[in-house]
Amino acid sequence: MYACIKQAREMEDYILDKTFDKIDLKEQPLVKGDYEHCTFNNCDLSNADLSGFSFSECTFSDCNLSLLKLVNTAFRNVQFIGCKMLGLQFGKCNPFNLTFSLAHCQLDHSSFYQCKLKGITFNDTQLREADFTECDLSAAIFERCDLLGAIFENTVLEKADLRTAYSYIIDPNINRIKKAKFSLEGVSGLLARYDIVIE
């Protein structure tokens, strides 16, 4: 009997191929567990505690994910599309196979401290005052991204593509930028520390 109850509970904690539409976590909390191939549409998960949750091959579309608690949260091959994601601490996530992509999202004041995000794609995403300190962004793509006030310190940007990114300031003396791609217009963001005039 005990084995059957335990098995049922384990099955309940594994959620596969489920779609969540317009849920509000304040009214309908998510069951803590592993979510695989799930879709979240127009959901309000703001201020929720998703610590210890696991999301694999999931998609979040037009969701409010601001100020989530993400202690040991796993994101593996997750897509975020059109989401509001203010003040997230990705550095607290489970680092094992941390992989996701972002398109048309807003991640102002979010932190990627010490995250390993090789090859990540930020597409048309606002990253104002985001913190990339000690983050590995090798071969990352920042396509049409607003990086106003973003912090780059001891960040690995080797082979990263920032040709269409804008408003960034990146100090080549304290970041690794070998073979990174920048536009001619963006070069001023690499020279800001020298207090020179470029016309």
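The values are calculated or read from the model by the stated rules, or taken from the named source; none is laboratory data. These figures come from a predicted structure and were not determined experimentally. Backbone-built Cβ (ideal geometry, glycine too); neighbour counts: all protein chains shown.
Here is how the numbers come out for the structure above:
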quantity: Boolean, I120 is assigned by TED's automatic domain parsing to the domain that holds T133 and closer than 21 Å to L137 by Cβ; calculated: yes
quantity: Any hit, the range 26-43, residues being in contact with a helix residue (DSSP H, G or I) (Cβ under 6 Å, 6 or more places away or on another chain) and either closer than 24 Å to Q126 by Cβ or of a type in the set (G, A, S) (or both); calculated: no
quantity: Condition met for F20 (modelled with pLDDT of 95 or more, in a strand (DSSP E or B) and more than 24 Å from C115 (Cα to Cα)); calculated: yes
quantity: Out of L86, L98, sole residue that is outside the structural domain of F142 (by TED's automatic domain parsing) and under 10 Å from the mean Cα position of the chain (by Cα); calculated: L98
quantity: Any strands (runs of 3 or more DSSP E) falling wholly within the range 30-85 and containing at least 1 residues that are of a type in the set (D, E, K, R) and touching a Phe, Trp or Tyr at 6+ places or on another chain (Cβ under 9 Å); calculated: 34-36, 74-81
quantity: G189, sole failed condition from (1) at pLDDT below 95; (2) of a type outside the set (D, E); (3) touching a helix residue (DSSP H, G or I) at 6+ places or on another chain (Cβ under 6 Å); calculated: (3)
